[in-house]
1. What is the local net charge at residue 107, summed over the other residues whose Cβ is closer than 14 Å to its Cβ (Lys, Arg +1; Asp, Glu -1)?
2. Using a 1.4 Å probe on the protein chains only, how many percent of the accessible area of region 1-113 belongs to carbon and sulfur?
3. Averaged per residue, what accessible area in Å² does the chain show with a 1.4 Å probe, protein chains only?
4. Please check: in the Gaussian network model of the chain (C-alpha springs, under 10 Å), which one of 95, 78, 86 has the largest mean-square fluctuation.
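The values are calculated or read from the model by the stated rules, or taken from the named source; none is laboratory data. Just so you know, these numbers come straight off a predicted model, no measurement behind them. Cβ atoms come from the backbone with ideal geometry, glycine included; neighbour counts cover every protein chain shown. Accessible surface is based on the protein model in full, side chains and every heavy atom, while ligands, DNA and RNA are left aside. Shrake-Rupley method; radii C 1.70, N 1.55, O 1.52, S 1.80 Å.
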Amino acid sequence: MLDYRFPTAMQMVFCIAQSQKAGQRCTSAILATGLEANSSFIRKLMVPLTQHGIIVSTLGRTGSITLGRPAEEITLRDIYCAVIEDKRLWAARPDVPARCVVSANACTYFKNIVSEAEEASFQVLARHTVADALAEFERGGKYKCTKDLASQYAEDSLCSK
């Protein structure tokens, strides 16, 4: 089963950062529409992002979502760890009785390889910040927003160019 928590949370944080940079208001409804995601899924992802200080949400009619710290200080690893928590990339099979050299060693071998792969992934994610992503998006200059979404949220638009 595919897990969309990390890519969705990452895109949420990018949108929040871009809105904040543009001086525009960002809400969970705007995020849900812009990401074509269920609003309850967006709100569910906001909980760990808030708990980890990545975002801050204010309530009320004029409430908004902003970054909890500067975009330069939020890494993709921070976002990943916040929403995935301690779930492993790959789950090892339960230990099986040691009946041969393979069954006696495969589980431990697999766990070691997975730990190494996860650490390499974390190192890559830690090298990239939200600010880096926004700068890369701006260099590319391409915004793929639908006209309907942009007009629907003209005053709060996440898409401006």
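1. Values: positive: 88, 93, 99, 111; negative: 95.
Here the charged neighbours net out to +3.
2. Numbers: 4010 of 7080 Å².
Looking at region 1-113 in its full context, I get 57 percent from C and S.
3. On the way: 10460 Å² over 161 residues.
About 65 Å² of surface per residue is accessible.
4. Among 95, 78, 86, the largest mean-square fluctuation in the Gaussian network model of the chain belongs to 95.
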